[in-house]
Amino acid sequence: MERLFYRYSERNPAHFLLVAEFGEILTADRLRPALAAVQRRHPLLSAHIEDRPGIRLGFYRAATVAPIELTVRRAQESSWAAAAAEELSRPFDRSRAPLMRAALLQGPGSSALLLTFDHTIADGISSVWVMNDVIAALNGRGLANLPVPQSQEHILDRALGAVDPFDPSELPDDPRMRTPTTIRPFDGALTNVHTMTMTDVDTARLVERCRAERTTVHAALVVAMCRVRSTERGEDFVRVLNPINFRALAGVEGDCGLYIQATWTGLSPWDGAPFWAQARATTTHLEAARSARGILTASLAIRQAMAPDAEVGHAEELFTRVCPFDMLISNLGVQHLDDTGPVRPTAVWGPVVQSQTEGEYVTGITTYEGRLRMVTCGYSVPTTFLKSVGAALAVAVDEP
């Protein structure tokens, strides 16, 4: 999986951010020691990548490693969308550690902390763990150093050794899922970053209705976003890439590493089926993909596609022809973060990411302090997209 993200990002940078807002002005003098503690705690934050003859790609640690870069900006307000777009336009040099950087925006009475990660060393949940560790350090807690993480393939083989993968005949086979997409050549242009926050009341009502309908919040969001995109772009069929966190399944917790697989869903949003029926069908598909058999099946497919000698073309083929998508929806779920001290975020956003697929809508979702927040990136995403998604969810929740 690390090989897939490394090779794909050689031409199509796919690094990402997590953003935390604070109701106070954080300072660089307070942040730098916290970032140093986090870098000591997580081994991959001191690693770089080398492509060596014979063994090919690997993580390495130099004798001397630079500290995590911290950029400080002062602004009239701590609005972070423009800064996030700039971060997405700046790829990492993977031959030099660390493959993470931080930016601090200081407003008159508030701050925003942006943590940016190369996807080869981290997934969305990793960014939450690292942000949590930064906050813990700011609150004076000591951070124990973690061991070097093992590859997810080794962990899955150990945890799922008695599990059989799905037979190809058991998997969906819709030819519409294989219509190729194209990649927008990366040129450093700034993407659009749009945000929306649901109220705590609306978030609670959505959760309650999803439980009553025997579906997940994520599935409801997939249906709402597919319906809005279909209406906006006149698309009869919309494909969604859904990253899946398998840490609990594999017994991994707290590490900064790559512990995700993914599943591709397809939906004809206006085929006449009710909203909640479509959400239940999506939930059923996602439950199978999240199962031990589903995770193992996806892992074996990635291993076959990304052998040690795989190059950037193999990674691009996977995302554009084997498993193409129109939208990516990455849901980090309900997050709490450190609550043992006075430093505590007022809001958390992420992941903020894009993949360079032409016409993509990429949405990161996090629920924090009872409020669901969405951030969507993409060069062609309308400014009304998330507002329309919120409206579609409200209509669905209010259905008799």
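Extending each Cα 7 Å along its Cβ direction at Ala305 and Leu143, get the distance between those two points in nm, one decimal.
With each label placed 7 Å out from Cα toward Cβ, I get 3.2 nm.
Along the Cα→Cβ direction, 7 angstrom out, place labels at Asp202 and Glu317. What is the inter-label distance in nm?
Once both label points are built, they end up 4.5 nm from each other.
Distance between Cα centroids, the stretch 96-143 to the stretch 1-59: provide it in whole Å.
When both Cα centres are located, 10 Å separates them.
Per 0.36 nm of contour for each residue apart, how much would the distance between Ala394 and Ala262 grow if the chain were fully extended, relative to their Cα-Cα spacing?
44.7 nm
Using the Cα centre as the reference, give the magnitude of the dipole from point charges on the C-beta atoms of the stretch 169-398 (Lys, Arg: +1; Asp, Glu: -1; all else neutral), rounded to the nearest 20 debye.
420
Which of the following values of semi-axes √(5λ) of the Cα gyration tensor in Å was calculated from the structure shown: (i) 43, 23, 18; (ii) 31, 27, 20; (iii) 29, 24, 21?
(ii)
If you put +1 on each Lys and Arg Cβ and -1 on each Asp and Glu Cβ, how big is the dipole of the chain around its Cα centre, in Debye rounded to 20?
The calculated dipole for the chain is roughly 620 debye.
Do the sum for the chain: with -39,500 (n - 2.57) for every DSSP H run of n ≥ 4, divided by all residues, what is the mean residue ellipticity at 222 nm, to the nearest 500 deg cm²/dmol?
Helix-only estimate at 222 nm: -10500 deg cm²/dmol.
Which order do Met225, Met198 fall in if you start with the one that has the fewest other Cβ atoms within 10 Å?
Met198, Met225
Each value in this text was obtained by applying a stated rule to the coordinates, not by laboratory testing. Note that the structure is a prediction, hence the values are computed from the model and not measured. For neighbour counting, all protein chains shown are included, and Cβ atoms are generated from backbone atoms with ideal geometry for every residue, glycine included.
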